[in-house]
Amino acid sequence: MKPPAKTAPTVRKSVARAYADGDLPDLFRLNPNHLDSLRERAGFRSDLDRTALAAALRDYHRALGTLSPALEAQLARLEHPASAVVVTGQQAGVLSGPAYSVHKGASAVLLARELGRPEAPVLPVYWVASQDHDAAEVAGTSLLDFSETLHRLHLDLPEGLPVGRLPWKPEYTAAVRDLLGRFDTSPERREAVLERLDWAMQGHRYADVFARLLHRLLGPQKTLEDGLIVLDPLHPALAALMAPALKRELARPLESPRLIEAAAAALEARGFTPQLRRPAGATNLFLETEGGERALLRHTGRVFEAAGQTYTQAGLETLLQEHPDRLTPAAGLRPAIQDTLLPTLAFVVGPGEIAYGAQLRQVYALHGLEQPLLWPRLSVTWLESNVARLLARFGLTSEQFQAAPEEALGRVLAEGRGAASASAERLSELQAQFSRLGADLAALDPTLEGAAARATERSLGQLARLQTLSLRALARAENDRTRQLSRLKLHLLPNGVPQEREMNFLTYLLKHGDEPLRQLLLQRAGDHVSLRLE
């Protein structure tokens, strides 16, 4: 299979599809077809001090207030000399962020189960991206209640600071509790979620609240002994373990950017648009300044610059030794730094992260590592009973509706009215007729072949656009009468965004108890599923 043309719906999906089909072997060492081979891994990362890693994680969870006998048991498994991890991660979104943040965590648990053996345990790890400084990414979330009111929570966060440095403020707690007080659901389920949130919101920092909530949902516990080990890279004990890799990066600060640009050129040669670019002089490192700002380090050939200040390599190395949490990796370096810390067997990612991964194989090699398997996260669309009934009535799947809501509904309505002009089959018939006509004209005069082909393309394109407009008009007219299009959009495309990328996972716990968690952990990591909730 060759890479899709640039007219594919999104470049990121195209890279993900090509990766899944094994079409980019020079850019990825492994692809999903290699999953079974991961079970044979004698001597995997024998260089890594797993005892020191477990001790640093124990120190972090003690500070977080999440150290428990169940977690201690997971950390003891991590200390096994043949242990490995399945890692995933996400920014520290409010109330756990979009639903796929939780889906990722479940994916890591599921894949670790699949790969682990008693003599070679595999543990799921969740990397909380506390170093990230994009406040807009983590400040807001959406929840939909039983009255079909879409609640939007947005917290006022300062820009430019790592979210792991931001304090969790009492007004944030008040805003959360106010929203849940207005959320239409049963008192019992509201109180169950509030109990979890009240416990999570005892965290001191913004990222702590995310980590505590994720730990409460998917961390090790009596009913989930193999649960997630949450990790915050800004914790001093963990940051210290990553310092040697960051020091190595300081010694050759423009080499990993050069390798990323070389991979970008390889992607462009295949018709893809690279997701990572490194402009001249940009390193793959951020410095947290004295004022707390996270600024990109640039290298002029002699000194480093960030936020208007200059730094020597020796000065940055001293800073790294004294405050290892103040030097952090950019997106092009973060996965490799993550995997200098962890014995990573597989990395659970979304399609956009696979596109990033296409440019990082040589960055891993620069740090003496092999890039791990990138495993697509579990993708879930939650179908509450009223939505499932509507989709069944129209004969649509959630995927069909999310891809093109007006066209999908309009086509069903057109078929119900016997409007053949709006069918894909009619357009195919016209294409066949145009092709025969073009062939006949070319037989009479070969010089007309090109003109006939262009006329066919132009005419069919115009007809397809008119057909699409008619389907949308039909769907809108039906919506004016029944509001069913709007209702489906509210559930499946809230704010015009696919459900799991916008809707908060707590939406479903508030309305359906722990059933969504139970269903998640019965799936297989990497699948795309629609799960029904009664």
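Worth a mention:
- Test: Leu522 is open to solvent by 30 Å² or more (accessible area, probe 1.4 Å), free of Cβ contacts under 8 Å to residues at least 24 places away in the same chain and part of a helix (DSSP H, G or I): no
- If the condition is being outside any loop (DSSP other than H, G, I, E, B) and either in contact with a Lys or Arg (Cβ under 6 Å, 6 or more places away or on another chain) or within 21 Å of Gly219 (Cβ to Cβ) (or both), then the range 121-143 contributes Val122, Leu123, Pro124, Val125, Tyr126, Trp127, Val128, Val138, Thr141, Ser142.
- Selection of the range 90-104 for residues being touching a Phe, Trp or Tyr at 6+ places or on another chain (Cβ under 7 Å) and either open to solvent by 20 Å² or more (accessible area, probe 1.4 Å) or free of Cβ contacts under 8 Å to residues at least 60 places away in the same chain (or both) yields an empty set.
- The C-beta contact set for the range 68-81 (first residue more than 16 Å from Val230 (Cβ to Cβ), second residue at pLDDT 95 or above and part of a helix (DSSP H, G or I), distance under 8 angstrom, 6+ apart or interchain) comprises Ala76/Ala54; Glu79/Arg50; Glu79/Thr51; Glu79/Ala54; His80/Arg50; Pro81/Arg50.
For every residue, the table says whether it meets (1) touching a helix residue (DSSP H, G or I) at 6+ places or on another chain (Cβ under 7 Å); (2) in contact (Cβ under 8 Å) with a residue 40 or more places away in the chain.
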| site | (1), (2) |
| --- | --- |
| Val230 | yes, yes |
| Ala237 | yes, yes |
| Leu241 | yes, yes |
| Leu246 | yes, yes |
| Glu255 | yes, yes |
| Arg270 | no, yes |
| Ala295 | no, no |
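- Failed item, numbered, when Thr340 is tested on (1) in contact with a Lys or Arg (Cβ under 8 Å, 6 or more places away or on another chain); (2) under 30 Å from Asp26 (Cβ atoms); (3) in a helix (DSSP H, G or I): (1)
- Condition check for Arg481: under 28 Å from Ser530 (Cβ atoms), open to solvent by 90 Å² or more (accessible area, probe 1.4 Å) and among the charged types (D, E, K, R): yes
- If only residues of the range 145-179 that are of a type in the set (Phe, Trp, Tyr) and assigned to a loop (DSSP other than H, G, I, E, B) are counted, the one that is farthest from Leu506 (Cα to Cα) is Trp168.
- Residue list for the range 360-378, restricted to those being outside any loop (DSSP other than H, G, I, E, B) and either of a type outside the set (Ser, Thr, Tyr) or surrounded by fewer than 20 Cβ atoms within 10 Å (Cβ to Cβ) (or both): Arg361, Gln362, Val363, Ala365, Leu366, Leu373, Leu374, Trp375, Pro376
- Positions within the range 402-425 being assigned to a helix (DSSP H, G or I), open to solvent by 50 Å² or more (accessible area, probe 1.4 Å) and either modelled with pLDDT of 75 or more or within 12 Å of Leu474 (Cα to Cα) (or both), in sequence order: Ala403, Arg411, Glu415, Gly416
- When the range 202-215 is limited to residues that are open to solvent by 20 Å² or more (accessible area, probe 1.4 Å) and either in a loop (DSSP other than H, G, I, E, B) or of a type in the set (Phe, Trp, Tyr) (or both), the one that is nearest to Thr173 (Cα to Cα) turns out to be Gln202.
- Here Ala112 meets each of (1) surrounded by fewer than 23 Cβ atoms within 10 Å (Cβ to Cβ); (2) in contact (Cβ under 8 Å) with a residue 40 or more places away in the chain with one exception, condition (1).
Okay, residues lined up against (1) assigned to a helix (DSSP H, G or I); (2) under 25 Å from Gly368 (Cβ atoms); (3) open to solvent by 60 Å² or more (accessible area, probe 1.4 Å):
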site: Leu217; (1), (2), (3): yes, no, no
site: Ala245; (1), (2), (3): yes, yes, no
site: Leu250; (1), (2), (3): yes, yes, no
site: Thr283; (1), (2), (3): no, yes, no
site: Gly291; (1), (2), (3): no, no, yes
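- Complete set of residues in the range 66-85 that are exposed (fewer than 15 other Cβ atoms within 10 Å of the Cβ) and modelled with pLDDT of 95 or more: Pro69, Glu72, Ala73, Ala76
- Single match in Glu268, Glu261 (criterion: exposed (fewer than 15 other Cβ atoms within 10 Å of the Cβ) and assigned to a helix (DSSP H, G or I)): Glu268
- No other residue among Glu399, Glu384 is among the acidic types (Asp, Glu) and either over 21 Å from the mean Cα position of the chain (by Cα) or within 26 Å of Lys247 (Cα to Cα) (or both) apart from Glu384.
- Single condition Ser428 does not satisfy, out of (1) open to solvent by less than 40 Å² (accessible area, probe 1.4 Å); (2) over 28 Å from Asp145 (Cα atoms): (1)
- Within the range 133-157, if we keep just the residues that are modelled with pLDDT under 95 and farther than 27 Å from Leu521 by Cα, the residue that is least open to solvent (accessible area, probe 1.4 Å) turns out to be Ala135.
- Checking Arg458 against (1) within 30 Å of Ala200 (Cα to Cα); (2) part of a helix (DSSP H, G or I); (3) modelled with pLDDT under 95; (4) basic (Lys, Arg), the condition it does not meet: (1)
- Residues satisfying the stated conditions in the range 271-281, i.e. farther than 25 Å from Leu319 by Cβ and buried (at least 19 other Cβ atoms within 10 Å of the Cβ): Phe272, Pro274, Gln275, Leu276
- Residues in the range 299-314 that are polar (S, T, N, Q) and touching a Pro at 6+ places or on another chain (Cβ under 6 Å): there are none.
- Residue within the range 315-336 that is more than 30 Å from Arg212 (Cα to Cα), out of contact with any Leu (no Cβ under 8 Å at 6 or more places or on another chain), assigned to a helix (DSSP H, G or I) and open to solvent by 20 Å² or more (accessible area, probe 1.4 Å) present: yes
- Selected residue (only one of Gly496, Gly513 is within 31 Å of the chain's Cα centre (by Cα), over 25 Å from Leu218 (Cα atoms) and either touching a residue at least 24 places away in the same chain (Cβ under 8 Å) or open to solvent by 60 Å² or more (accessible area, probe 1.4 Å) (or both)): Gly496
The values are calculated or read from the model by the stated rules, or taken from the named source; none is laboratory data. Please read these numbers as outputs of a predicted model, since none were measured by experiment. Please note: Cβ atoms are built from the backbone with ideal geometry, for glycine as well, and neighbour counts cover all protein chains shown. Just so you know, the surface numbers come from the protein's heavy atoms only, side chains and all, with ligands and any DNA or RNA stripped out. Shrake-Rupley method; radii C 1.70, N 1.55, O 1.52, S 1.80 Å.
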